[in-house]
Protein chains: 2
Amino acid sequence: MVRFVDVPNMQRWVIDTGIETAIAGIAGTIEEDFRRWPAFDKTARVASHSDVGVIELMPISDDRTYGFKYVNGHPTNPARGLQTVTAFGVLADVDSGYPTLWAEMTILTALRTAATSAVAARVLAPAGATTMAMIGTGSQSEFQALAFRRLLGIERLRIWDTDPHAMDVFERNIRPLGFDVVRAGSAADAVRGAEIITTCTADKTYATILTDDMVVPGVHVNAIGGDCPGKTELDAAILRRADVFVEFPPQTRIEGEIQQLAADHPVTELWRVLRGEAAGRTSPDQITVFDSVGFALEDFSALRHLAGALDGTDYYADVDLIADPADPKDLFALVAAGAAVGAPV
Amino acid sequence: MVRFVDVPNMQRWVIDTGIETAIAGIAGTIEEDFRRWPAFDKTARVASHSDVGVIELMPISDDRTYGFKYVNGHPTNPARGLQTVTAFGVLADVDSGYPTLWAEMTILTALRTAATSAVAARVLAPAGATTMAMIGTGSQSEFQALAFRRLLGIERLRIWDTDPHAMDVFERNIRPLGFDVVRAGSAADAVRGAEIITTCTADKTYATILTDDMVVPGVHVNAIGGDCPGKTELDAAILRRADVFVEFPPQTRIEGEIQQLAADHPVTELWRVLRGEAAGRTSPDQITVFDSVGFALEDFSALRHLAGALDGTDYYADVDLIADPADPKDLFALVAAGAAVGAPV
């Protein structure tokens, strides 16, 4: 039997756990797994692009556990009432090859993306930061806000989105939770006074959500939306002034903001910072950019954290996904009753 | 909602349909899809190898439908009561990125592998063949026998396996279905007089199941078991005497029997034969080898056939895999009740 966490069960787990506590738990597992980075068999995700979007498979494995996520990205989906990003994921046992967990990951991806941003910001954002600008207030935005409050103590948000409705939704969701929210009149207005700038927009184009003049010394840029070939958010000049931190360079150089730069532009891998092998932020005037595209290890960590949380609960159903004949060399026995039907015996 | 076909429902579908009819239906869809080969976005499968086995993802897409299969291969699994190969698969809508079907594929893979072998043999085996040698009588073997009877009229089987128990199981399953079965004393004995030789063993090593002297002019070799780097079944000399037919050369050159040959050894793609653009068998003395490793399109076809067969039936359950907030920009609404828990408001 494989444990299956559908959407209602994932909702129950998140609600009962508390969103911030769930994010903090996932963040802890992400840090733990990033610190053992060399233990993983890593590969850039396998993408299938169409005119309207992309479908990706993101596999990763250590010597005990294999995991993958299926995720789509379809920027025009919301116009017809569908999510831009939906996902599901699987964990399996390396030793037997048998899957052990199947879970919805639309909600879980939102949690892990926010957790990853906050894990990176803890080593990259300026000390004592209190204010975050958020450019793009779509489905990921509330999770980012909660992650940055829980892991960095951010209480003040300055928001901007080209879609006023997205800002309405964000404010309605976030104000009751005790945040100080300023609705800006433009992206340039939003970034004023913010020590951290989170960009999270969904257009599948080379966009310039942040221009060079908007990023002052000392700022940390949490760049989430540039995550696909041909989809970027930052003026390349910002990247040249900044120290750029990435997840998995072979993937980020194709998908991230740094696709705008030379293939050998120096970047620092986040896992090295988390292991103490490379420096994070080293001065108050430094501009840091976390050029996040989302890496398979983050999904693995989120699923691993979830799997651990399921024991002794009813947040899952057992599903019969693996054919299990009494004699492993006799798969046929499972359908033998269908052998005579239509057979010219 | 996503349609989910678990193991019991797959069993019911196969039994109610009849195994041979199910295989014939899948074979028809495989032929149809191979004939529109250029319409697919194809990639070699993504494999994660460990000391004891492999876990693979096999994605493929046309402009309407995306599909992938998860499949493992663990040759030592049967020794502890587990299947060598288990699998599940997904179809999704390219336009929205949303998955539509999730199905067990351990049973379905057995059907599609047999269907593919028979589709190839129809254009490669000598005319009027009546006898097939089967080297390796594990989980795939009965399905091969039924496929070759239904699609080629093969009624006589000469079998050999190093594991007598595997032969016992095969004979017990297949004799009641009207086949004429001869249990051989060796692989060399099994191939005597057979116009078709099917090799389907599971050892993850360079093996020589068939030596050069065992393959006489005019024979068609249906080579299934050499499907992994370092895992082959045929003496390379056979391949040099034969015309070799393959599914997807970039994958077969790494995984198939032809991994033993030079990277530019001439091969013919099966889809070209099925489209009439390349010759299959051209003479009675020709040796043909179908160097089959299993390609993503065959799984796509099997899932597509299954999906079509489900309409109006109860062979599936609807599962809630896709988070679906009323407002697509408000994913947070699904878990908002968990925002206050543990929050330092």
key: Any chance A:A145 is farther than 24 Å from A:A296 by Cβ and under 17 Å from the mean Cα position of the chain (by Cα)   = yes
request  = Scan the stretch B:274-302 for residues that are surrounded by fewer than 24 Cβ atoms within 10 Å (Cβ to Cβ) and among the polar types (S, T, N, Q) and jot them down.
outcome  = B:T282, B:S283, B:Q286
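One line per residue, one yes/no per condition, for (1) free of Cβ contacts under 8 Å to residues at least 60 places away in the same chain; (2) buried (at least 24 other Cβ atoms within 10 Å of the Cβ):
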{"position": "A:A120", "(1), (2)": "no, yes"}
{"position": "A:T130", "(1), (2)": "no, no"}
{"position": "A:E155", "(1), (2)": "yes, no"}
{"position": "A:D161", "(1), (2)": "yes, yes"}
{"position": "A:A166", "(1), (2)": "yes, no"}
{"position": "A:R175", "(1), (2)": "yes, no"}
Filter result (buried (at least 24 other Cβ atoms within 10 Å of the Cβ) and among the hydroxyl-bearing types (S, T, Y)) within the stretch B:71-105 = B:T86
request  = Name the one entry in B:D299, B:D327, B:D318, B:D314 that is at pLDDT below 95 and either part of a loop (DSSP other than H, G, I, E, B) or within 26 Å of A:E104 (Cα to Cα) (or both).
outcome  = B:D327
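One line per residue, one yes/no per condition, for (1) assigned to a helix (DSSP H, G or I); (2) modelled with pLDDT under 95:
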site	(1), (2)
A:L239	yes, no
A:T252	yes, yes
A:W271	yes, no
A:S283	no, no
A:G342	no, yes
Options B:F68, B:F4; residue that is touching a Phe, Trp or Tyr at 6+ places or on another chain (Cβ under 6 Å) and either within 23 Å of B:S117 (Cβ to Cβ) or among the hydrophobic types (A, V, I, L, M, F, W, C) (or both) = B:F4
message = Considering only residues that are over 30 Å from B:D324 (Cα atoms) and of a type in the set (A, V, I, L, M), which ones fall in the stretch B:1-45?
response = B:V14, B:I15, B:I19, B:A22, B:I23, B:A24, B:I26, B:A27, B:I30, B:A39, B:A44
remark   = Within the stretch B:37-57, the count of residues that are among the β-branched types (V, I, T) and farther than 11 Å from A:P59 by Cβ comes to 3
query = Which pairs have Cβ atoms under 6 Å, sit 6 or more apart or on different chains, and link a residue in the stretch A:292-321 that is more than 17 Å from A:F88 (Cα to Cα) to one that is among the hydrophobic types (A, V, I, L, M, F, W, C) and not in a helix (DSSP H, G or I)?
reply = A:S292/A:I224
request  = Looking at (1) out of contact with any Phe, Trp or Tyr (no Cβ under 8 Å at 6 or more places or on another chain); (2) in contact (Cβ under 8 Å) with a residue 60 or more places away in the chain; (3) over 24 Å from A:A336 (Cα atoms); (4) crowded, with 16+ Cβ neighbours inside 10 Å, find the lone condition where B:T201 falls short.
outcome  = (3)
ask   = So which residues in the stretch A:7-45 are surrounded by 18 or more Cβ atoms within 10 Å (Cβ to Cβ), within 9 Å of chain B (Cβ to nearest Cβ) and under 18 Å from A:Q251 (Cα atoms), if there are any at all?
value = A:T43
request  = Specify the residue that is farthest from the other protein chains (Cβ to nearest Cβ); the eligible residues are those in the stretch B:61-70 that are crowded, with 22+ Cβ neighbours inside 10 Å and under 17 Å from A:G53 (Cβ atoms).
outcome  = B:G67
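The values are calculated or read from the model by the stated rules, or taken from the named source; none is laboratory data. The model shown is predicted, which means the values in this text are computed figures rather than measured ones. A quick note on method: Cβ atoms are made from the backbone with ideal geometry, for glycine too, and the neighbour counts reach across all protein chains shown.
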